[in-house]
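No value in this document is a laboratory result; all are computed from the given coordinates. Values in this document were obtained by computation on a predicted structure and should not be read as measured data. Reconstructed Cβ throughout: ideal geometry from the backbone, glycine too, with neighbour counts over all protein chains shown.
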Amino acid sequence: MPVNRLSDVATVGVGLNLTEYEVLGIDAPINVADGHARQPLTDTQAQVIDELPQIFAAAHSRPIAEVEREAHVAYLSAVGQHGAPVGTDRILTTYSSSVAMDILARCLGEAGATVALIHPTFDNIPDLLRSRGVRLVPFEEPDIAAAEIPAEIGPGDCVFITTPNNPTGVPVPPEQLEPLAVECRDRGALLALDTSFRGFDERAQYDHYRLLTDIGVDHVIVEDTGKLWPMLELKLGLLVFSEDLALPLRKAYSDILLTASPLIMKLVTHLAADAVAGGFQAMRAGIAENRLLVLDRLAAAAMRTPDGDSKVSVLRVELPGANASEVAACLAAEGVHVLPCGPFYWNRPADGERYIRVALARPRETVERAAERLVAVATAA
Ligand SMILES: Cc1ncc(COP(=O)(O)O)c(C=O)c1O
């Protein structure tokens, strides 16, 4: 029986990280918790899947370095990153962006770096950094626009930005990245970016590599194919870095893997080609439709999102009360899984209790049902 009254539900789940919440919802009837791609395949993506035996054979018969380079060219050019160092040894291909992140975190930890980390952001980023002994200071999202880097950051330290950000969807445009990069360069600090969600937002597809290289700032960029295409977790994370970087990223990578799978590299090459030939447009239209659907249900209940400009595949919903953990627990009890936003606010979790995050890369009916139940539960208090 659905549980509608918040007072009926004990606050369960407090203390979980976001991935733990996502695991609880993974096979639930209505899962809009994780931000992984779970929308239906488009016709042309389905064609790519039909060709898997041939793709496997092609991956098998060619040198891995060639297959890998093709995937780098296809993906990075599909998202506008023509200045990326394709063809050099400064792109490390991993199974997922978290693996890339952990390699970076390890090297920063060993170097004794302090990291000014965007606040809020997806919690596995601060968790991985802390687990490798990195000291974190919050870099509030609104301060990024003014390039107001925390005073603690000096030579050998790092500024880490997620762009577009998860969960807010806020991208860092070139006119903000430039002063940030200049300031990092002048302080002798590394500028690191997680661009996992850039495929959804053309505002995040100007050539970051060209801009950062021209400024001459040390930089590392984590790229990710995993949020875009509904491929049952077949994805690549790329760890891309500037010339003469002091951190031993390649050495740390070699402790973890030899290469990612050439089959997945080939798959990414095909999907990126499909994306350029209209797939990105179709994907963005589907996400936009689901976003409108949620906004429509919110408006009917006089509720709103704080992320009006967001284009990414997740959306925050502002609650009438600061009780996201309770609302999430109440919904979970009836098989509807969302994320309470507390853990995104890794420095002040109470700030996130005002918001629930809803994943939009889902079938329309799933998003519709989730939005209806969310509105009903949130307004029942
Ligand atoms: C911004 C960001 N970076 C990295 C990750 C980790 O991705 P993966 O689980 O594919 O390693 C996530 C997961 O949601 C994320 O939101």
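Annotations for the structure displayed:
- In summary, the aspartates and glutamates within cross-link reach of LYS251, defined as a Cα separation below 16 angstrom excluding same-chain residues under 8 places away, comprise ASP89, ASP102, GLU110, GLU243.
- Share, in percent, of DSSP beta bridges within the chain that are antiparallel, nearest 5: 45
- Taking the Cα centre of segment 161-234 as reference, the dipole from Cβ charges on Lys and Arg (+1) and Asp and Glu (-1) amounts to some 80 debye.
- With Cα atoms, 0 to 90° folded angle of helix 64-78 axis to the chain main axis: 60
- From the largest down, segment 113-222 spans 35, 29, 22 angstrom on the principal axes of its Cα atoms.
- Stokes-Einstein D for the chain, Kirkwood Rh over Cα pairs, 10 °C, 1.306 mPa s (µm²/s): 75
- Residues of type lysines that LYS311 reaches as a straight line, Cα spacing below 29 Å, ignoring anything fewer than 8 places off in the same chain: LYS227, LYS235, LYS266
- Multiplying the residue separation of LEU52 and ALA282 by 0.36 nm and subtracting their alpha-carbon distance yields 80.6 nm.
- Kirkwood Rh, Cα atoms: Rg over Rh of segment 235-381: 1.09
- Between helix 364-378 and the chain: long-axis angle, C-alpha atoms, 0 to 90°, nearest 10: 60
- Residue order for ARG62, ARG291, fewest other beta carbons within 10 angstrom first, comes to ARG62, ARG291.
- Relative contact order of the chain, defined on C-alpha pairs under 8 angstrom at six or more residues apart (%): 28
- Charge dipole of segment 161-244 about the Cα centre (unit charges at C-beta), most positive-ward option of LEU193, GLY169, VAL182: GLY169
- Counting only DSSP H runs of at least 4 residues, each contributing -39500 (n - 2.57), and dividing by the residue count of the chain, the helix-based mean residue ellipticity at 222 nm comes to -12000 deg cm²/dmol.
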